[in-house]
Amino acid sequence: MNNNAAEVFGRRASDDGDNSKNKNKKSWWRRVGILHPNGKVRNSWDGIAVILVCFLSISLPFRLAFIDQWSFALTILDLFLDLFFLADIVLNFRTAYLDDNELIVNPKEIARHYARGWLLLDVTSSVPLDWFFVGIQFDEPGSGEGTAEAANVTSLLRIFKLVKLLRLLRIARLFRYFSRWEDYFTFLNTHTKRLFKMSTLVAMVTHWNACMQFMLATQERFADESVSCAAAVDRNGLPLCEDIGGDSLCSQVHHESWICRGGVLKYNAFTRWSWSYFQAMGQLFGISIGLWQPQRNI
C-alpha cells in the first residue's frame with residue numbers, strides 16, 4: 001500500500017497484524033473508499049467538527065435568547081452548519097471502526113454498527129426540522145406583509161425557536177471525539193482530564209440555564225399592556241426597560257418578571273447575558289434562588 005494513502009485511509013488490518021473480516025485481496029480502501037478512524041482525513045474532519053460543536057453550543061442558546069433581529073449572515077451560517085453535520089452522518093457510514101483491536105472495513109457492518117449506536121441521535125440533532133416548517137429564511141420574516149400578518153409570522157418563528165434547540169444534541173459528538181482522542185493526551189493524568197471535563201460541563205450547563213431563563217421570561221403576551229415592563233419604572237421614576245435595537249421586549253415581559261424588576265432590559269445583549277449567567281451560577285451553587293425574589297405564582 002502506498003505510504004501516503006496509508007496515512008490518509010489507514011492500513012489494512014493484515015498490514016497491522018490483525019485479521020480483517022474483508023477477505024478480498026484487493027485493497028479495501030481503493031474499492032469502497034472507507035476511511036480509517038485514526039487517519040488524517042478523519043482526524044481533520046473531527047477537529048473541525050469539535051470546533052463547530054463548541055461554537056454552536058455557545059452561540060445558539062445566546063442567539064435564541066438575546067438576539068431577536070433576523071440576520072442574513074446568521075442564516076447563511078446556520079445553513080453551513082446544518083449541511084456540515086448532515087455530511088458528517090454520510091461520512092460516518094464510510095468510516096471503519098475497531099472491534100477488539102480488529103479493524104472492521106465491511107460497509108454493511110459499518111452501517112449496522114452506526115445504526116445501533118449514534119445514528120438516531122445524530123439524525124435528531126442534524127436534520128434541520130425548522131426547514132420543513134418555515135423553510136430557510138433568506139428574507140426578513142414578515143417583510144412585504146401587513147402588520148398583522150408580520151406579527152403572526154414573528155410569533156410563529158418564536159415558537160419554532162424551540163425546535164432549533166434540538167441542535168444542541170450535537171454536543172454528544174464531543175464525547176465520541178474525546179474518547180477517540182484520549183490516547184493523544186497521555187501527558188495529562190486522569191484527575192486533570194476529569195476536572196477539565198467537569199468544569200467545562202458546569203460552565204456549559206450554566207450558560208444554557210441562563211439563556212433559557214431569559215428566553216422564557218420574554219415569551220409572554222398580554223392583552224393589557226399596563227402589566228408589561230414597558231410601563232414599569234424604578235424608585236426614581238426612571239423606566240426599567242428600553243428597547244435595544246427595536247427588539248420590542250418591553251411589551252413582551254411582565255412587570256414583575258426578574259429581568260424587568262432588575263432593570264436588565266436597559267442594557268445590550270451581552271450585559272443581559274452576564275446578569276442571567278450570574279443568576280444561573282448563584283442558583284447552581286445554592287447561593288440564592290436568584291438575584292430577585294419571585295413574586296408570581298404560576
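Highest-first packing order for the peptide set 96-105, 272-281 is 272-281, 96-105, based on the mean count of other beta carbon atoms within 10 Å. Over 28 Å apart at the Cα level, from the set Lys40/Lys193; Lys108/Lys193; Lys164/Lys193; Lys197/Lys266, are Lys108/Lys193; Lys164/Lys193; Lys197/Lys266. Computed extension length for Arg94-Leu79: 3.1 nm, one decimal, from 0.36 nm per residue of separation with the Cα-Cα distance subtracted. For the pair Ile171 and Lys108, the difference between a 0.36 nm per residue extended length and the Cα-Cα distance amounts to 20.0 nm. Applying 1/(1 + (r/R0)^6) with R0 = 30 Å to the Cβ-Cβ distance of Glu182 and Ile67 gives a FRET efficiency near 0.25. Close amide-amide hydrogen proximity is noted between Leu35 and Thr95, Ala96, each under 5 Å apart and 5 or more residues distant or on a separate chain (H modeled in the peptide plane; Pro and chain starts excluded).
Near Arg42, within a Cβ-to-Cβ distance under 10 Å, what is the net charge of the other residues, with Lys and Arg +1 and Asp and Glu -1? Value of the local net charge: +2. Put the Cα centre of the range 267-282 next to the Cα centre of the range 49-64 and the gap is 18 Å.
Highest mean first, the peptides 256-268, 52-64, 83-95 sorted by other C-beta atoms within 10 Å per residue fall in the order 256-268, 52-64, 83-95. Peptides 35-43, 201-209 ranked from most to least packed, by the mean per-residue count of other Cβ atoms within 10 Å: 35-43, 201-209. Placing a pseudo-label 7 Å from each Cα along the Cα-to-Cβ vector at Lys164 and Leu284 gives an inter-label distance of 2.3 nm.
Bear in mind these aren't lab numbers, they're just calculated from the coordinates by the rules spelled out. These numbers were taken from a predicted model, which means no experiment stands behind them. Positions of Cβ are generated from backbone atoms using ideal geometry, with glycine treated the same way; all protein chains shown enter the neighbour counts.
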